[in-house]
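Read-outs: derived from the displayed coordinates by stated rules, not from any lab. All values derive from a computational prediction rather than experimental measurement. A quick note on method: Cβ atoms are made from the backbone with ideal geometry, for glycine too, and the neighbour counts reach across all protein chains shown.
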Amino acid sequence: MTTTMQRRPAAVQPAPARPAARRRRWLPWLYLAPALGLLITFTYVPVGNMVFYSFHSWDGLDVTMDPVGLDNYVRVFTDERYWRVFLISLYYFVASFAQIAIALYFAVILSFNTRFRNLFKGILFFPYLLNGVAVGFVFLYLFQPDGTLDTVLRWIGLGDQTRYWLGDPDIANISLAGTSVWRFTGLSFVLFLGAIQSIPGEIYEAAEIDGASRWDQVWHIIVPGIRRIISLSFILAISGSLSVFEIPFIMTGGANGTRTFVVQAYETAFQFRQIGLASAMAVVLLLIVLLVTWIQRRLVPDEEVSLS
Amino acid sequence: MADRRTFLGFGAAAVLVLATGCTGGATEEAPTGDFAGDVKGNITVLTNRTDLATTALPEYAKKFEAKYPGTKVSFEAVTNYEGDVTTQLSSGEYGDVLLIPNTVAVDQLGQFFEPLGTVDELKTKYRFVDEKAYDGKVYGLSLGGVANGFVVNKRVWEQAGITAPPKTTEEFLAGLKAIDTKTEAIPFYTNYKDGWPLSFFNSQRAILGDPNANERFPTDANPWQPGKIQHITDGLLFDIVHNKLSEPDPLTTNWEGSKPMMGTGKVATMLLGSWAVPQMKDAAKAANANPDDIVFWPFPYQTGGKFHARIEGDYKAAVSKTSENKATAKAWLEWFVNESGFAADQQAIPSAVGQELPAVLKDFEATGVELMELPAATTNSGKEDEIIKASEIDLAGNIYRQKLVDIARGAAKGDKESYFAELNKRWSAAQSQVMQ
């Protein structure tokens, strides 16, 4: 648009248009005002408050807030108990690869003409619709000794494989990460399916005429065609695995070595009433997520997808 | 009182962080607030008893309104009491009479509540007045008190050959072992997953028989040293779990589910407050078991040849500083504590001095236990909370005790000595900072 403006000689521009143009300059802001107002009130002001709190020692209630400078940040980085909990995120991060693989597999299969495909789409998306608290409770019963999982294992002759799924510290995080995969596969699946369906059908037809197998089609058409969505899924997976909260919070309360960074921040804020320190933890988490996203964008440049 | 779960809502928490408005709080100089005016008009009472808000509580209100014509009491039941009311406090709108949330530190009481009188003066009329007091001024009256000890299924213990409360922790452990070998029952149930039942290991400070225990506690840099209170109580928890005398998978326990287990004798022992006894008896009745099997025993430790058990007030009710009808609010509060009969109806210790103990506690006293009130710290007031915050050892909670259970059952690294050493180290670091 700017190029067309430049091409037009300035002298030719009709004089009366000028006030209109000036009016048009603030008109977009008028339309944006409600959205901007909401965005600033509910996103940027609270984030600003959080940053402000993070430099203070405050219990969330007292009328006075004592400024403590960088003490809260120093504590988050130097006290092992605060940064160790990040290691728990690795379980969820590894699990997110399984999640993306499963979602991609089903998205590809169900984008071809499969029998009952709409039914299967519904079944796969369903877990994502469930409330996270409900998922937590359902899986709590599933993982109980002699609960659903143990019963099923016994039916299929794997009775000797039963264990305390949440009580055994070697398994607990894997059980919780599995719950997370169950819950969020539906979301990745829908994203992939949407992207796959936006690939024009003629390309498949052309590929079929050229003698490409299904595998070739997947590898040379579908995967490049949805690369941006796959990249987005990884960003979501990393930020999601750093900020896991409700599944461990509901199912174990962070006990038995399943405390994630956000559960730790929650306890700091509301069990120990250290809002300042917890805000510092939240700021650190925000910065890490921003950093990871930035690195990701540098490694996988956001280039235009072209199938021709 | 029935369910002491403090399940703070995350949504409420977000609102709390957003809340920018704060109530102004110039500290009051007078020993009592301004309660001038007639007892007339409407008041709103916040309650955590969602189960009673539309049944029993309006019945009490009717009697109050009959005594003071022209008044009207309405109730606002808050499901998630601690979290929601903490948020409401910052907004300035929190009813006329409410229970003081535990999130309010003692030195902040004057910011939100009206002082009801001095400790010295009210002590003669009510129990537990010092528990929500600051600077000699009382801000809340207890609606009923509880004793601390073990809820046990007597029948199961008798099957294992024990009929009287064990006198030492060794005897107690031997008793649990006998239950393990001679019966089908789980000897001790920790309720690890829900967490809050573990906090009752903090309510046994009276066993040393020292009325100054709360004053002295923050002066001790190493409470987990052998012979000291935390070593006795937390050590017992460790030994119970380490000897596999507790439930096999602690991560899948369930408070509601544990009540019928206790009632029917599938579980022999739990450490709780006396308030749990009527609930367990009800569960036993519902499961066609004998409710008389459920009794209350003291913590297995004697000082001077005597059991001691701490009695303490449950939530304290206070008059809101922002109330526009403080005269009526105070009248309701005093009537509710003195005349309503609420505590007796709830099998709790009445907070008005001189009123009779409920049946559960009379039986408890008959086991030879001395009921002790532990006055709150005055010179070291609030110090213990500060140390807890700074060290992040939630003495009154469950986080570090869950870790203790994990270590005891071999699910986390360490042993009793190493963990107690770590706790001592963290505690004394914070303690030296707070106590200077």
Quiz item: Which of rounded, prolate, oblate describes chain B, given a ≥ b ≥ c as roots of the alpha-carbon gyration tensor eigenvalues and a/c under 1.5 marking rounded, otherwise prolate only if a/b is larger than b/c?
Solution: prolate
Quiz item: What does the helix-only formula give at 222 nm for the protein assembly as shown: each DSSP H stretch with n ≥ 4 adding -39500 (n - 2.57), the total divided by the residues, and the result rounded to the nearest 500 deg cm²/dmol?
Solution: -15000 deg cm²/dmol
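Tally Lys and Arg at +1 and Asp and Glu at -1 over the other residues with C-beta under 13 Å from the C-beta of A:Ser111: what net charge comes out?
On the way: positive: A:Arg117, A:Lys121, A:Arg214; negative: none.
Net charge around A:Ser111: +3.
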Quiz item: Any idea how far the Cα center of the stretch B:256-299 sits from the one of the stretch B:368-425, in Å?
Solution: 26
Quiz item: Which ³J(HN,Hα) values in Hz, rounded to whole numbers, follow from the phi angles of the stretch B:52-64 under the Karplus curve 6.51 cos²θ - 1.76 cosθ + 1.60, where θ = phi - 60° and Gly and Pro get x?
Solution: 9, 4, 10, 10, 6, 4, x, 5, 4, 4, 4, 5, 5
Practice problem: Round to the nearest 10 and give me the degree value, 0 to 90, for the angle of helix B:326-338's Cα axis relative to the longest principal axis of chain B. | Solution: 40
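Excluding B:Trp157 itself, what net charge comes from residues whose Cβ is under 11 Å from its Cβ, given Lys and Arg +1 and Asp and Glu -1? Could you put the intermediate results ahead of the total?
Details: positive: B:Lys154, B:Arg155, B:Lys182; negative: B:Glu158, B:Asp293.
Summing Lys/Arg as +1 and Asp/Glu as -1 gives +1.
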Quiz item: How many angstrom separate the Cα center of the stretch B:301-357 from the Cα center of the stretch B:111-146?
Solution: 10
Self-check item: Gaussian network model of chain B, Cα within-10 Å springs - most flexible of B:Ala377, B:Ala286, B:Ala36
Solution: B:Ala36
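I need the semi-axes of the equivalent ellipsoid of the protein assembly as shown: take the C-alpha gyration tensor, multiply each eigenvalue by 5, square-root it, list largest first in whole angstrom.
Working: eigenvalues 553, 270, 122 Å².
One finds semi-axes of 53, 37, 25 Å for the protein assembly as shown.
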Quiz item: For the stretch B:193-351, what class follows from the C-alpha gyration tensor (a ≥ b ≥ c being the square roots of its eigenvalues): rounded when a/c is under 1.5, otherwise prolate if a/b is larger than b/c, else oblate?
Solution: oblate
Quiz item: Given just the C-alpha atoms of chain A, how large is their convex hull per residue in cubic angstrom?
Solution: 237
Exercise. Report the normalised scattering of the stretch B:198-274 as log10 I(q)/I(0) at q = 0.15, 0.19 Å⁻¹, calculated by the Debye formula with identical scatterers on the alpha carbons.
Key: -0.66, -0.92
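What translational diffusion coefficient, in µm²/s and rounded to a whole number, does the Stokes-Einstein relation yield for the stretch A:153-232 at 25 °C and a viscosity of 0.890 mPa s, taking the hydrodynamic radius as the Kirkwood radius over Cα pairs? Intermediate results must be reported in sequence, preceding the final value.
On the way: Rh = 16.1 Å.
Translational D for this selection: 153 µm²/s.
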Practice problem: Can you bin the stretch A:29-112 into rounded, prolate or oblate? Criterion: square roots of the alpha carbon gyration tensor eigenvalues sorted a ≥ b ≥ c, rounded for a/c under 1.5, prolate for a/b above b/c, oblate for the rest. | Solution: oblate
Self-check item: A:Ser231 versus B:Asp120: modelled label distance in nm, points set 7 Å from Cα along the beta carbon direction
Solution: 7.6
Self-check item: Environment charge at A:Gln144 (Cβ cut-off 9 Å; Lys +1, Arg +1, Asp -1, Glu -1)
Solution: -3
